[in-house]
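Notes for the one structure printed next.
FYI, it's all coordinate maths here, none of it is from the lab. This structure is a prediction, so every number in the text was calculated from the model and none was measured. Counting neighbours? That spans all protein chains shown, and the Cβs are built from the backbone with ideal geometry, glycine included.
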Amino acid sequence: MQSAGALVLAVGTLGGCGNDDGDELASLVPPDAPLYAEALVRPGGDQLDAIESLTDRVAGVEDPGAQIVSALDKELRADAPGVSYEEDVEPWLGDHAAIFVRSFERSAVRPEGDFAVLLEVTDADAAGDLVDRVAEEDPEPEVKRSYHGTDYLYAKDSGGFAVGVVDSSALVLGTEMAFKVAVDAAEGESLAASSEYDRGIDALPDEPLASAWVDPDTVVQAGLANENLPRSEAGAIKSLFAGSLSDPVALGVSATADSASLDMDAAAEAPGAGEESPLLDSLPADSWLGAALPDLGPTLVGSFDRLTSSGLPGARMLGRRIRETTGLDLGHDVLDWLGDAAFFVQGTGVPGFSAGLIAQTSDPAAPRPLLAAVERLAERDSGLRSSGPPDGAHAGFTIGVPGLGAGAEAGVAGRTLAAVIGTTLGQALDPDNTLGDDPRFAAARDILGADLAPLIYLHLPSFLRIAAQGGADRDPDFARFAPYAAKFDTLLVGSRTDDGLLIARATLSLAP
């Protein structure tokens, strides 16, 4: 079974040539599976061109399919001499592979939980014959079994794994229970027949390279259980994410020759979900990081309520401690009047570095207690003295910061609250050129799509320079990651709502 398992798992990573019109592997998956992921393993046409372009430009690999086939042949030769991909696998391999998890619950026999890998087949007899041939070469004995008329091989010594062809459409390898569940799904109710699944997957872009269907609540519960947290702590952490974990999430990965994208859709419940804020476009043009936060006040109210009721130690007293430390009532003095917000970062060195936070208010007088509290804390912690409001502001303060030139300013101009460091309020609120006019940002928007409202913008080369200055380049993981990240230019995240679904997309564009 070890050899048969290596065959299925290795082929599941294959990229080659073919088309993307495959049978629905989700019809072999139970409707309550907490995790299901499907990938196109034999892309063709534009999808193959996109993959080869990305792997060549990012990793220097011109033909990833040939490399994977070579590695697969090496694996097959070691476990089953005389078997090759071209002669024994390619003739029956379909275009899709998938994996589903039936349960994340661990045991001594199943430390990885219950799962199954599915390979789409175009010739069930040929796929079954190859499994038999590979199994014959395995030194561990397998037992032939049958379940509801479906024959399979079972290997107790390999952790209780089963492998066989189900419904003449897929080669299935997994725990015996997951294998049987796949047979049951093929004969009865399945994930493919779920309207909720169809709705979520249909909202993704057409023909993704990979997609996934995830129940976040089950995954989080499994993660907490596997960390052996006390029941009280696990319950508290779960309550922090209440609402956002109540519905499954659909994910999709797609690519073009110049970009890669990750899409997600889920039930839209958060305030401001999918809305566009004009603040992002109005940020200074040379910002390398910019983010818009629509309806930030109501969003923070919901987050704070979940935190205080979570049961985490000290969470219930958080509002009182904020009041004792700052003199502020978090609701009345901050959250009740807070609308859209945005922040930006410019420059990668000092001098030249600046950052700012901009927020819309429902009442121009409401931020005064907050500004007064921040001014007191800034003077206390920095030892510097503040002066009056910045130019153009009717409330606020200015503090000179040695080495930063413009220092720090905070104030209210009209119905806009702003706080900046390294620049002035005027330059932040009325820049000569805005991010909306920046050609690099405009190109990223085109890749994102006109139907999504941009929320987060990041120029990756600038971020990498900042990270290296902070010492991140001395971390081995960063050192391995940075050369690949440097091949990309921008990251842009956007979202929209559609019939109760929040649809979000993150796009990475390659450097010119």
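Quick rundown of the values:
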read-out	value
Centre separation in Å (Cα based) which lies between segment 162-202 and segment 342-378	53
Packing rank of 455-464, 322-331, where each peptide gets the mean count of other beta carbons within 10 Å, highest leading	455-464, 322-331
Spacing of the two label points (7 Å from each Cα toward its C-beta) at D437 and K144, in nm	7.8
Size of charge dipole - the chain - debye, nearest 20, with Cβ of Lys, Arg +1 and Asp, Glu -1, no other charges	3160
Sorted peptide list for 130-137, 313-320, criterion being average Cβ within 10 angstrom, highest first	130-137, 313-320
Degrees, to the nearest 10: 231-240 long Cα axis against longest axis of the chain	70
Dipole of the chain, positive direction: furthest Cα of Y197, A442, A257, with charges on the beta-carbon	A442
Stretch gain in nm, segment V350-S303, where the contour uses 0.36 nm per residue and the Cα spacing is subtracted	13.4 nm
Rounded to 10°, Cα long-axis angle of helix 368-382 versus longest principal axis of the chain	90
Global geometry of segment 263-352, whether rounded, prolate or oblate, following the gyration tensor of its Cα atoms and the 1.5 cut on a/c	oblate
Computed [θ] at 222 nm, helices only, for the chain once each DSSP H run of length n ≥ 4 contributes -39500 (n - 2.57)	-10000 deg cm²/dmol
Whether segment 356-451 is rounded, prolate or oblate, judged on the alpha carbon gyration tensor where a/c under 1.5 counts as rounded	prolate
Approximate spin-label separation E105-D363, in nm, with each point projected 7 Å along Cα-to-Cβ	5.4
Protection proxy ranking of 208-216, 96-104, 70-78, 476-484 - average other beta-carbon atoms within 10 Å, highest first	96-104, 208-216, 70-78, 476-484
Hypothetical label at A482: residues of segment 31-67 whose amide nitrogen lies under 18 Å (7 Å Cα-Cβ projection)	59
Segment 93-104 - phi-based ³J(HN,Hα) in whole Hz, Karplus 6.51/-1.76/1.60, Gly and Pro as x	6, x, 9, 10, 10, 8, 9, 9, 10, 7, 7, 8
Förster radius 51 Å - calculated FRET efficiency between R376 and D206 (Cβ-Cβ, nearest 0.05)	0.35
